[in-house]
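The values are calculated or read from the model by the stated rules, or taken from the named source; none is laboratory data. Note that the structure is predicted; figures quoted are calculated from it, not measured. Ideal geometry is used to build each Cβ from the backbone, glycine not excepted, and the neighbour counts take in all protein chains shown.
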């Protein structure tokens, strides 16, 4: 799924868009517990820098970086990255992210808390 350099510009832009959308969808499912917010992809000549914005970056990194190494291997395999470098950054204001708030509300309701109380806590 790597983006070919010899394609016309418009096809390369479309291919990069598809790749980023697929990456965002995959990471939102893979990092649901970490409070996934967004992903930023920067390609340099040496490596692809993937910045993942999450509520809890420790879950992305894991013990001794094991989960980030596993994620790196998965990204190489599924998305064709040659040398991905993963950076996990904390979201500055997590309660301004609709995705994080929706996950917060859903997890609290699934735990059995009352829906009105959860909604007022989220506001």
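Consider the stretch 76-86 and keep the residues that are touching a strand residue (DSSP E or B) at 6+ places or on another chain (Cβ under 8 Å) and surrounded by fewer than 15 Cβ atoms within 10 Å (Cβ to Cβ). The one that is nearest to residue 30 (Cα to Cα) is 76.
Scanning the stretch 54-65 for any residue that is touching a helix residue (DSSP H, G or I) at 6+ places or on another chain (Cβ under 6 Å), at pLDDT 90 or above and outside any helix (DSSP H, G or I) turns up at least one such residue.
Residues that are part of a strand (DSSP E or B), at pLDDT 90 or above and within 16 Å of the chain's Cα centre (by Cα): does the stretch 74-84 have at least one? Before the answer, list the steps.
We begin by selecting, within the stretch 74-84, every residue part of a strand (DSSP E or B); these are 84.
Then drop every residue that is not at pLDDT 90 or above, which leaves 84.
From what's left, within 16 Å of the chain's Cα centre (by Cα): 84.
Scanning the stretch 74-84, I find at least one residue that is part of a strand (DSSP E or B), at pLDDT 90 or above and within 16 Å of the chain's Cα centre (by Cα), so the answer is yes.
A Cβ distance below 6 Å, combined with a sequence gap of six or more or placement on separate chains, defines the contacts here; from the stretch 96-110, residues that are at negative phi reach residues that are in a helix (DSSP H, G or I) in the pairs 100/94; 101/122; 105/118; 105/122; 108/118; 109/115; 109/118. Residue count for the stretch 85-98 under the criterion of being modelled with pLDDT under 90 and under 12 Å from the mean Cα position of the chain (by Cα): the result is 0. Taken as a whole, the condition of being modelled with pLDDT of 90 or more, in contact with a helix residue (DSSP H, G or I) (Cβ under 7 Å, 6 or more places away or on another chain) and closer than 29 Å to residue 107 by Cβ does not apply to residue 27. If residue 102 satisfies every condition in (1) out of contact with any strand residue (DSSP E or B) (no Cβ under 7 Å at 6 or more places or on another chain); (2) assigned by TED's automatic domain parsing to the domain that holds residue 12; (3) closer than 27 Å to residue 18 by Cα but one, which is the exception? The failed condition is (2). Taken over the stretch 99-120, the criterion of being within 25 Å of the chain's Cα centre (by Cα) and either closer than 20 Å to residue 38 by Cα or exposed (fewer than 12 other Cβ atoms within 10 Å of the Cβ) (or both) is satisfied by 99, 100, 101, 102, 103, 104, 105, 106, 107, 110, 111.
Hey, any hits in the stretch 49-62 for a residue that's surrounded by fewer than 11 Cβ atoms within 10 Å (Cβ to Cβ) and not assigned by TED's automatic domain parsing to the domain that holds residue 100? I'd like the intermediate steps shown before the answer.
Start the filter on the stretch 49-62 by keeping residues that are surrounded by fewer than 11 Cβ atoms within 10 Å (Cβ to Cβ), which leaves none.
Within the stretch 49-62, none of the residues are surrounded by fewer than 11 Cβ atoms within 10 Å (Cβ to Cβ) and not assigned by TED's automatic domain parsing to the domain that holds residue 100.
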